[in-house]
1. Angle check, please: helix 2-14 long axis (alpha carbons) against the longest principal axis of the chain (alpha carbons), in degrees 0 to 90, nearest 10.
2. What number of lysine-lysine pairs in the chain show an alpha-carbon separation below 22 angstrom, given a sequence spacing of 8 or more or placement on distinct chains?
3. If I build a Gaussian network model for the chain, linking alpha-carbon pairs within less than 10 angstrom, which residue out of Ile335, Ile179, Ile152 has the largest mean-square fluctuation?
4. Rounded, prolate or oblate: which fits the stretch 218-332, taking a ≥ b ≥ c as square roots of the Cα gyration tensor eigenvalues, rounded meaning a/c under 1.5, else prolate when a/b beats b/c?
5. Apply the a/c threshold of 1.5 to the C-alpha gyration tensor of the stretch 248-314 and tell me whether it is rounded, prolate or oblate.
6. So what's the convex hull volume per residue for the Cα atoms of the chain, in Å³?
7. Where does the longest stretch of the chain lie that holds no trypsin sites (Lys or Arg not before Pro) found in a DSSP loop with 14 or fewer other Cβ atoms within 10 Å?
8. Please give the helix 35-48 orientation as an angle from the longest Cα principal axis of the chain, in degrees from 0 to 90, rounded to the nearest 10.
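Only the coordinates and a few stated rules stand behind these numbers; no lab work does. Please read these numbers as outputs of a predicted model, since none were measured by experiment. All Cβ positions, even for glycine, are placed from backbone atoms using ideal geometry, and neighbour counts span all protein chains on display.
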Amino acid sequence: MQSNFNAALRTVLEQPGNSAASFNLVQAAVAAGDLRIAISALERILLLNPELDNIRFELGFLYIRAGLPEVGVPMVEKALASGDVPEEVRARGETLVRATNDAQKRFRITGRAFGGIAYDSNANAAAESALVEILGPNNTPVLATLIDPNSIAEDDFSAVTTANLRVEYDLGFQSGHTIFADAGYYGKHFFERGDINLDVISLGLGTNIFFGKGGGLPVTVSPSLTYDHVIEGSDNYLNSYKARLAVTTQFNRRLAGGLNLFAGYDDFLESAENPILDSRDAGVYGGGAYVTYLFTPTLRGFISADAERFDANVGYEAYSQAGARVGLAKLFKNIVFPEAPVIRLSGYVGFRHRFYDTPDPVISLEDREDNRTDLGLSVELPIHTNVALQFDVYGTRNQSNYDINEFENLGSSGGLVIKF
């Protein structure tokens, strides 16, 4: 680590106006675990070359990282005001200043809302044929039967709405520990198939506990309790209660990661349409991990993996599953609305394997197994500081040894995003 820092420092001394070199120096300093060495080195360079805004920017970042935002923020702001900072560095700096200023407020309210229109080629995630096979031992077809026409794949348009709100309060500790309350809503209302409309109301309460802010590896531990209420069509469908634990860290300027664990109970609600739905009531538990890597100031990648156990009352509803997802996010200069923040393009692909405990006695003598692949591409085009247009395309393919559970869906959506 120290050798990497020394090499990066030599490069900056030889090329003090090179923004990439100063970025690498800060990364090496953070990795070495001693911010004071890097601060001292950049201060000497800036004293000799006060016109170098790239050095002023990275020095400000280090002061913020060291827990001295009152020193670091003015440096970053002065560098950004010079006009000599590259566009991708400017985007990073504006985000940093905004987040730091928000963090200094004792009481904070943040949120995001989206409203738009979506199209799905298979809105009800159903089989494409009304004729499905009933399977015997070794997946041998023993009977073919017609299913409910309402359970055949149908395309449809929908109105999509999401809203998330967080109220956070700084407890006044030097480390910045906070408590927070979350509220959220997701709605998807179809133009034709009102029976599959979906509404999800979410609530959460938790705390953020910070370690290592004054130096060393920064770690955030966030225990929380969450509640979700799901409405399908016009029926109350599910109450979900979970205890969660999230642990996140920034290993260095480029590499970050986290761990998520949860345990809880899903209470499915009987209705006239689903009189035996409570057979799905289940204890649920699982977890996942992820890492993100900053390849350049404008390109970030991630990979995640997770596993879950759904321990339902009856065996053919109980399952275990595991999956993984990889993705990239890229920032571009906003040539459409030059005064607005940068454009963000992101994409992902994911795979999930699910296997059930026992066969569904109505369908097969074999245990059900599903393999699901998901992919998506999203563009966020800011038109103002807190307002953006968002466009998404996505696809899902679920392969199953039960014909009735095989489906494919291609979809797209577009709408307006408001952040505050």
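1. So the inclination is approximately 60 degrees.
2. Working: Lys78/Lys105; Lys78/Lys333; Lys105/Lys213; Lys105/Lys419; Lys188/Lys419; Lys330/Lys419; Lys333/Lys419.
Eligible lysine pairs with Cα atoms under 22 Å apart amount to 7.
3. Judging by the Gaussian network model, the answer is Ile335.
4. Details: a/c = 2.61, a/b = 2.28, b/c = 1.14.
Prolate, since a/c reaches 1.5 and a/b exceeds b/c.
5. Details: a/c = 4.98, a/b = 3.10, b/c = 1.61.
Here the stretch 248-314 falls in the prolate category.
6. Details: hull volume 62.2 nm³, N = 420.
Per-residue hull volume (Cα only) is 148 Å³.
7. Values: sites that count: Lys105, Arg106, Lys333.
Free of exposed loop sites, the longest segment is 107-332.
8. Taking the Cα atoms of the chain, the angle to 35-48 is about 50 degrees.
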